[in-house]
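Please read the structure below before turning to the comments.
The values are calculated or read from the model by the stated rules, or taken from the named source; none is laboratory data. What you see is a predicted model; the values in this text were computed from it and never measured. Note that we place each Cβ from the backbone using ideal geometry, even for glycine, and neighbour counts take in every protein chain shown. Each accessible area value is taken on the protein alone, full model and side chains, heavy atoms only, with ligands, DNA and RNA left out. Shrake-Rupley method; radii C 1.70, N 1.55, O 1.52, S 1.80 Å.
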Amino acid sequence: MAVYASQLQVTGVLVFGWLALITGISSLAANNWVNVGIVSVGLFKMCAHTVCLNISDPPAWLMATRAFLVISVFAIFAGNIAMTVFKFKYQQKQVQQTAIALLLFGGILAIMSISIYAGKSSSLDEKYSTGFVLAWITSVFALLASGIGCASLRLA
């Protein structure tokens, strides 16, 4: 079995991949994707001061945003597991390619969820907040991880 990437490159993929996972989970859990006055709205809850309510009967675009971001987090998690397996156990090119493809897929899905949310929720009195920014950071980290992985494949 040959090693197809340097340990530094694989470590870079893992660092950015795990950061993408952490920010993705944080983005899903955040109750403040958008602030409208004193009300902050997340993907699953709406909060005003200290009172939070579940968003019951969400519109289709919000359900699509949720779905794309949840699938993105799962893809990033699977990509991280595959890259960890590549680094520590099976150093085969197919395992590395699978990890990179999953991270790329996760990053693209995160961008799709952000695009849907931004396209449907925008108005002049809304201000994007922490959860929205964390979703952007998730996509950047996932795409960086897959980019480093692609570069390591190309150099091998």
Review point. Just wondering, is there one or more residues in region 67-83 that are more than 15 Å from L134 (Cβ to Cβ) and modelled with pLDDT under 90?
Key: yes
**Study point:** Count - residues of region 59-108 that are aliphatic (A, V, I, L, M) and closer than 21 Å to G12 by Cα
**Key:** 16
Practice item. Would you confirm whether any residue within region 13-27 is open to solvent by less than 60 Å² (accessible area, probe 1.4 Å) and farther than 26 Å from S129 by Cβ? Key: yes
Point to revise | L43 being modelled with pLDDT under 95 and assigned to a loop (DSSP other than H, G, I, E, B) | key: yes
Practice item. Could you run through region 72-111 and say how many residues are more than 13 Å from A142 (Cα to Cα) and either open to solvent by 30 Å² or more (accessible area, probe 1.4 Å) or not aliphatic (A, V, I, L, M) (or both)? Key: 16
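Can you tell me which residue among G149, G119 is assigned to a helix (DSSP H, G or I) and touching a residue at least 60 places away in the same chain (Cβ under 8 Å)?
Details: G119 fails: touching a residue at least 60 places away in the same chain (Cβ under 8 Å).
Among G149, G119, only G149 is assigned to a helix (DSSP H, G or I) and touching a residue at least 60 places away in the same chain (Cβ under 8 Å).
What about M63, is it part of a helix (DSSP H, G or I), out of contact with any helix residue (DSSP H, G or I) (no Cβ under 6 Å at 6 or more places or on another chain) and modelled with pLDDT of 90 or more? Outline the logic, then answer.
On the way: part of a helix (DSSP H, G or I): yes; out of contact with any helix residue (DSSP H, G or I) (no Cβ under 6 Å at 6 or more places or on another chain): yes; modelled with pLDDT of 90 or more: yes.
Judged against the criteria, M63 is a match.
Residues checked against (1) at pLDDT below 90; (2) in contact with a Phe, Trp or Tyr (Cβ under 9 Å, 6 or more places away or on another chain); (3) closer than 18 Å to G24 by Cβ:
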position: G107; (1), (2), (3): no, yes, yes
position: I116; (1), (2), (3): no, yes, yes
position: S123; (1), (2), (3): yes, no, no
position: Y128; (1), (2), (3): yes, yes, yes
position: F132; (1), (2), (3): no, yes, yes
position: A142; (1), (2), (3): no, yes, yes
position: S146; (1), (2), (3): no, yes, yes
Revision key, fill the gap. The condition of being in contact (Cβ under 8 Å) with a residue 24 or more places away in the chain and surrounded by fewer than 18 Cβ atoms within 10 Å (Cβ to Cβ) holds, among T138, T130, only for T130
Study note, to complete from the structure: Reported set for region 77-100 where residues are in contact (Cβ under 8 Å) with a residue 40 or more places away in the chain and either among the small types (G, A, S) or touching a His at 6+ places or on another chain (Cβ under 9 Å) (or both) is G79, A99
Review point. Here is a list of conditions, (1) in contact with a strand residue (DSSP E or B) (Cβ under 8 Å, 6 or more places away or on another chain); (2) open to solvent by 30 Å² or more (accessible area, probe 1.4 Å); (3) not polar (S, T, N, Q), and C47 meets all of them except one; can you say which number that is?
Key: (2)
Check your understanding: Between a first residue in region 43-68 that is without any contact (Cβ under 8 Å) to a residue 40 or more places away in the chain and a second residue that is open to solvent by less than 70 Å² (accessible area, probe 1.4 Å) and among the small types (G, A, S), which pairs have beta carbons less than 7 Å apart while being 6 or more apart in sequence or on different chains?
Key -> C47/S40
